[in-house]
Structure formats: C-alpha cells, structure tokens
Amino acid sequence: MVSFLIAYATWSGNTEEVAELIEAVLLNSDLDVTRYRIGTGPIPDVNEFDALIIGSFTWDKGATPDEVKDFAAEVGYKPPNVYVFGTGDTQFGGDELFCNAAVKLARFYESKYAPLKIEQSPRGTQEIDVINWTEGVIKQWAH
Ligand SMILES: Cc1cc2nc3c(=O)[nH]c(=O)nc-3n(C[C@H](O)[C@H](O)[C@H](O)COP(=O)(O)O)c2cc1C
C-alpha cells in the first residue's frame, strides 16, 4: 500500500483544515496516511514513507515560516516524491506573494506536481480544489 506522510505547519488552523481534507481523500482511497503537525513532537522518519505531502502557510511578505525551514533541515535530505500545498491570503501582497511559501517549497523539493494554493480556509468553494488536487496526487501512484 502506498504510504503518505502529510507534514504541515499551521498557526490559525487554515493549513490544518487543508491537511485534514487531503487526509480524508487519501483514506477514502484506502491509502496509508500519517498526519504530522510540524513543531509538535518528534518528526516521523520521512524515509519510511513513499511520498511526503508538505503544507505551509505564508508569512511576512512571502516568507516560509521558520518551523517549516527547521523541519526541512532536520529531515536533512530531499525525498524523491514531494507534493506541496499551502494557504495564504492575497491581501498580503497580491498574486505575486500569494502562497509564496508553497511555491518556494515546491521549487526546493523539485516537486513534479503543481503546488495547491488555497486562500484562507478550504471550507466552501475551495473544497473541490483540494479534492481534485489530492485525486491528482493519487493518480500518480496508480499503476
Ligand atoms: C503577518 C502576516 C503576513 C502574511 N503574509 C502573507 C503573504 O505574504 N502571502 C500570503 O499568501 N499570505 C500571507 N499571510 C496569510 C496567511 O498565510 C494565511 O492567513 C494562512 O491561511 C494562515 O495559515 P494558518 O491558518 O494555517 O496559520 C500573512 C498573514 C499574516 C498574519
């Protein structure tokens, strides 16, 4: 069974909501999922999973939060299969800086799949975007 680690940072809960939705879609397809909130206890062994799904909010003019940078440093290598999602808010710098942490993480991990960008909470009209994105991730593993 394909195993996924969803590692995400959240401050006010939006990124966690996205992580929970992604988890639900993966579980619905009978996939193996571990959800880990960055900064809470020991980091799971990334090496034990087939894929890493990493999520982050964006901070301070397009910045990646320190805890996410620390996570990447502690993991210490770039896993081969990484998918990135993020939440942000266009009022902090328009389209240019929207979800910039997710964009930067996708570049850093050389993700082959476009990062998911969600404006604030995914509940409501953006829920379908999370579902479609996750189903796209699942398709990458359908052999
Ligand atoms: C001080 C501050 C700066 C922010 N800067 C950005 C930004 O540059 N780009 C962006 O897309 N969102 C920015 N945001 C919005 C957050 O990324 C957004 O609210 C996010 O959903 C919060 O995630 P969380 O609820 O998981 O903590 C900023 C928010 C705050 C409070």
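So if each residue of separation counts as 0.36 nm, and I subtract the Cα-Cα distance between residue 140 and residue 60, what length gain in nm does that give?
Values: separation 80, 0.36 × 80 = 28.80 nm, distance 3.34 nm.
Gain on extension, residue 140 to residue 60, equals 25.5 nm.
Using the 2.2 N^0.38 Å rule of thumb for compact globular proteins, work out how the stretch 3-139 stacks up: its C-alpha Rg over that value, please. Present the calculation step by step, with values, prior to reporting the outcome.
Values: Rg = 13.6 Å, N = 137, 2.2 N^0.38 = 14.3 Å.
That ratio works out to 0.95.
Looking at the chain alone, DSSP beta bridges between its own residues are antiparallel in about 5 percent of cases. The gain in end-to-end length when the residue 48 to residue 123 segment is fully stretched comes to 23.9 nm, 0.36 nm per residue minus the alpha carbon separation.
How much length is gained if the chain between residue 3 and residue 70 is pulled fully straight, taking 0.36 nm per residue apart and subtracting their Cα-Cα distance, in nm to one decimal?
Details: separation 67, 0.36 × 67 = 24.12 nm, distance 2.32 nm.
Extending this stretch completely gives an extra 21.8 nm.
Two tests apply to each whole DSSP H helix in the chain, Cα reach of 15 Å or more along its axis and mean Kyte-Doolittle hydropathy of at least -1.0, and the ones passing both are 14-28, 127-139.
Charged side chains reduced to their Cβ positions (Lys and Arg at +1, Asp and Glu at -1) give the chain a dipole of some 320 debye around its Cα centre. Summary of the geometry: the stretch 1-70 and the stretch 82-143, compared by the centres of their Cα atoms, lie 12 Å apart.
Taking 7 Å steps out from each Cα toward its Cβ at residue 113 and residue 37 produces label points 2.4 nm apart. Under 5 Å between amide hydrogens, built in the peptide plane, is the criterion, and for residue 55 it picks out 7, 8, 9, 85 among residues at least 5 positions away or on other chains. Highest mobility in the GNM of the chain, judged by mean-square fluctuation with C-alpha springs under 10 Å and restricted to 109, 77, 36, is found for 77.
Bear in mind that the values in this text are calculations on the coordinates, not laboratory data. This structure is a prediction, so every number in the text was calculated from the model and none was measured. So basically every Cβ, Gly included, is an ideal-geometry build from the backbone, and we count neighbours across all protein chains shown.
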